[in-house]
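Visitor: One structure, pasted below without further comment.
Each reported figure results from applying straightforward, stated rules to the coordinates on display, with no laboratory input. Worth saying up front: this structure is predicted, and the values here are computed from it rather than measured. Neighbour counts are summed over all protein chains in view; Cβ atoms, including those assigned to glycine, are modelled from backbone coordinates with ideal geometry.
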Amino acid sequence: MASKWRELADKLAEQIRRGDYAPGQRLPHIRELVDAGEGSKATVHAAYKALEAEGLVTSSRGHGTVVRQQVPLKRLGIARYDKAKWRDGDEVAFIADRVASGRTYRRNEQTQTVSRVVAPPEVAAAHGLPEGAEVYARARLVKEGDQPTHTLTSYYRPEHVERTRLVDPTPGPAGRGGGFRVLYDAGYEIDHMKEQLFARAATPDEVKQLQLPPGEPVVELHRTTYTADGTVVEFAIGVHAASRFAWEYDFKVPDSARDGEGQQ
């Protein structure tokens with residue numbers, strides 16, 4: 001015979017799978033289930049911990065126990081940076097991911113702080129700046145509903161963004177078309193990028209900020225954005241909750257042997 005907490009966990013799991021609790025919805029407080037006769041405080045707590053271990057919910061201080069989004073966001077590869085999306089329209093990168101995933105979005109689901117700081121070593125190296133040089137840091141927290149999905153901090157040379165919308169901390173993208181459109185209008189049209197991905201354990205601050213369940217790793221992104229003449233106009237560091245994204249790349253497979261023949 002199953003223990004009381006296991007019976008309760010199975011009952012709640014079935015309700016979640018049936019859709020009685022929607023993704024992002026908070027489960028009842030422990031006291032509510034105790035008062036409803038579902039068991040003692042220890043029983044309900046053990047049931048919630050079992051649901052968390054099974055990946056059905058996440059728990060964090062101040063937010064309670066929330067049903068986990070089971071279908072991760074599709075994070076596009078190069079298609080998310082299509083110039084037609086931001087130059088000619090208003091589909092910035094995080095919105096492009098939502099559209100590709102068939103998910104809704106609000107522009108103010110991206111918040112940010114902007115500050116002028118001494119460039120960290122890797123930022124200075126990416127921009128080719130000397131030690132002690134200052135850059136603008138535009139730090140964003142992106143959410144889907146109430147659940148954070150990732151952070152992204154972009155670093156810019158002051159001469160590229162001074163007195164533009166990129167130094168405005170208003171929530172949401174930096175105007176129509178977002179940051180890349182701002183750079184485009186300032187004469188810095190992006191041409192190519194380099195992205196690097198690293199999986200690692202989350203720091204305590206990241207666990208709190210992204211509301212991560214115990215043991216969930218993060219994926220760190222480094223993005224360097226260039227103009228056609230090789231000028232670096234943005235170096236960005238993103239931290240993504242690993243379970244909330246599915247990374248997708250679609251590209252033409254190179255053939256260096258054939259390409260080499262054409263250059264002879």
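Visitor: Using a cut-off of 20 Å between alpha-carbon atoms, which aspartates and glutamates can reach K49, once sequence neighbours fewer than 8 places away in the same chain are excluded?
Guide: Those aspartates and glutamates meeting the cut-off are E7, D10, E14, D20, E32, D35, E38, E216.
Visitor: Using unit Cβ charges (K, R positive; D, E negative) and no other charged atoms, how large, in debye to the nearest 20, is the dipole of the range 71-128 about its Cα centre? Intermediate values should be presented prior to the final figure.
Guide: Numbers: 11 positive and 7 negative charges, 30 e Å.
Dipole about the Cα centre, nearest 20: 140 debye.
Visitor: Which listed residue (T149, S40, G102) has the Cα farthest towards the positive end of the charge dipole for the range 37-159, taking +1 on Lys and Arg C-beta and -1 on Asp and Glu C-beta about the Cα centre?
Guide: Selected residue: G102.
Visitor: Let me ask something else about it. For A257 and I78, compute 0.36 nm times the residue count separating them, minus their Cα-Cα distance, and round to one decimal in nm. All intermediate terms of the calculation are to be shown ahead of the outcome.
Guide: Values: separation 179, 0.36 × 179 = 64.44 nm, distance 2.40 nm.
Length gained, A257 through I78: 62.0 nm.
Visitor: Could I have the simple spin-label model distance between K41 and R165, label points 7 Å from Cα toward Cβ, reported in nm to one decimal?
Guide: 5.1
Visitor: For the range 103-112, in order, what is each residue's ³J(HN,Hα) by Karplus, 6.51 cos²θ - 1.76 cosθ + 1.60 with θ = phi - 60°, in whole Hz (x at glycine and Pro)?
Guide: Taking θ as phi minus 60°, the curve returns 10, 7, 7, 10, 4, 7, 6, 10, 10, 7 Hz for the range 103-112.
Visitor: Can you give the calculated 222 nm mean residue ellipticity of the chain, where each DSSP H run of n ≥ 4 adds -39,500 (n - 2.57) and the sum is split over every residue, rounded to the nearest 500 deg cm²/dmol?
Guide: Working: 10 runs with 80 residues, N = 264.
Roughly -8000 deg cm²/dmol at 222 nm, from the helical runs in the chain.
Visitor: Okay, moving on. If I model a spin label as a point 7 Å beyond the Cα along the Cα-Cβ vector, how far apart are those points for D191 and E131 in nm?
Guide: The answer from the label model is 3.2 nm.
Visitor: About the Cα centre, and with charges only on the beta carbon of Lys, Arg (+1) and Asp, Glu (-1), how big is the dipole of the chain? Nearest 20 debye, please. Show your work: numbers first, answer last.
Guide: Details: 37 positive and 38 negative charges, 172 e Å.
Computed charge dipole of the chain: roughly 820 debye.
Visitor: Using the alpha carbon gyration tensor of the range 137-212, what are the three equivalent-ellipsoid semi-axes (square root of 5 times each eigenvalue), largest first, in whole Å? Before the final figure, lay out each step's value.
Guide: Details: eigenvalues 140, 49, 26 Å².
Ellipsoid half-lengths, sorted descending, are 26, 16, 11 Å.
Visitor: Sticking with this one: Which label marks the calculated value of mean projected area of the Cα convex hull in nm², given the options (i) 22.7; (ii) 18.8; (iii) 16.6?
Guide: Calculated mean projected area of the Cα convex hull in nm²: the matching label is (ii).
Visitor: Taking only Cα atoms and a 10 Å spring cutoff, compute GNM fluctuations for the chain and point out the largest among D35, D97, D185.
Guide: Checking each option, the largest mean-square fluctuation is seen for D35.
Visitor: With +1 on the Cβ of every Lys and Arg and -1 on the Cβ of every Asp and Glu, and nothing else charged, how large is the dipole of the range 34-106 about its Cα centre, in debye rounded to the nearest 20?
Guide: Roughly 300 debye for the range 34-106.
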